[in-house]
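Novice: Before I ask anything, let me first share the structure, which is written out below as structure tokens.
Every read-out reported here was derived from the displayed coordinates using simple, explicitly stated rules and does not represent laboratory data. None of the values given here were measured: they were computed from a predicted structure. Cβ placement follows ideal geometry from the backbone for every residue including glycine, while neighbour counts extend to all protein chains displayed.
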Amino acid sequence: MVRMRAVVQRVSGASVVVDGETVGEFRERGLCVLVGVTHDDTKEKAERLARKLWTVRLFDGGGDGDGDGGDGAEGGGPGSEKSCSDLGAPLMVISQFTLYGDARKGRRPTWNAAAPGELAEPLVDEVVAVLRSLGARVETGRFGADMKVSLTNDGPFTVLLEV
């Protein structure tokens, strides 16, 4: 089963520029989220992904500031005590059809598993809308545009979420 997926990076800032114009930006710790949509994704999956993004614990507790969050002995791993909802941390949500690129055969990826724009765009918009309804500050890119995404990965810390 192919699932809606997101590559999530804990960042200390992120921005998106389209045609020389900054269309989204924040300069504090938050998450940069690349969202991939496939053919059988639904509004319900988009809602589930948004809720997961808002509550998944990817930040340290803010104690000693080392970003470590402990030794991971209780299954949380490094930096896994707080969520965006706990901290009021912003999210940068960017549509990324290339998350479904398949280069297993040959040297050129295929994009057959990626949903077409008319299906993907409303579902990415739904992720953003649900996050905002939960109280999140959400910055975005521009769907289908040639975007220049800049970020400072904090850790580095990157996880793959699928719903």
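Novice: How large is ³J(HN,Hα) for each residue in segment 83-96, as worked out from phi by the Karplus curve 6.51 cos²θ - 1.76 cosθ + 1.60 (θ = phi - 60°), to whole Hz, x for Gly and Pro?
Specialist: 10, 4, 5, 5, 9, x, 6, x, 10, 9, 10, 10, 5, 9
Novice: Taking amide hydrogens as modeled 1.01 Å from N in the peptide plane, which residues meet the under 5 Å criterion relative to E28, leaving out close sequence neighbours?
Specialist: Close amide H contacts, sequence-distant or interchain: A14.
Novice: Continuing with this model, one more query. Please give me the summed charge of the neighbours of A145: other residues whose Cβ is under 15 Å from its Cβ, Lys and Arg +1, Asp and Glu -1.
Specialist: -4
Novice: Contact order normalised by length for the chain, with contacts defined as Cα pairs under 8 Å and 6 or more residues apart; what percent is it?
Specialist: Reported as a whole number, the value is 37 percent.
Novice: Could you work out the mean projected area of the convex hull around the alpha carbons of segment 102-163, in square nanometres to one decimal?
Specialist: 6.6 nm²
Novice: Also, quick follow-up: Mind listing the phi-derived Karplus ³J(HN,Hα) values for segment 37-43, rounded to whole Hz, using 6.51, -1.76 and 1.60 with θ = phi - 60°, and x for any glycine or proline?
Specialist: Here the 3J(HN,Hα) series is 10, 10, 4, 9, 6, 9, 4 Hz.
Novice: Treat the count of other C-beta atoms within 10 Å as a stand-in for reagent exposure and order E139, E81, E162 from fewest to most.
Specialist: Lowest count first: E162, E81, E139.
Novice: Would you tally the net charge around T42, using a Cβ to Cβ cut-off of less than 13 Å, leaving T42 out, and scoring K and R as +1, D and E as -1?
Specialist: It works out to a net charge of -1.
Novice: Amide H neighbours of D154 under 5 Å, at least 5 residues apart or on other chains, H built in the peptide plane: list them.
Specialist: So D154 has HN proximity to R10, V11, S12.
Novice: Could you name the lysines whose alpha carbon sits less than 25 Å from that of K52, not counting residues in the same chain fewer than 8 places away?
Specialist: Within the straight-line limit of under 25 Å, K52 reaches these lysines: K43, K82.
Novice: Under a Cβ-Cβ cut-off of 13 Å, what is the net charge of the residues other than L31 that fall near it, where Lys and Arg count +1 and Asp and Glu count -1?
Specialist: Once positives and negatives cancel, what remains is +2.
Novice: Considering amide H positions built from the backbone, and no H for Pro or chain starts, which residues 5 or more places from V37, or on another chain, come under 5 Å of its amide H?
Specialist: Q96, A115
Novice: Per residue Cα convex hull volume for segment 1-50, in cubic angstrom?
Specialist: 103 Å³
Novice: May I have the extent of the alpha carbons of the chain along their three principal axes, as whole Å values ordered from largest to smallest?
Specialist: 45, 36, 33 Å, listed from the longest principal axis down.
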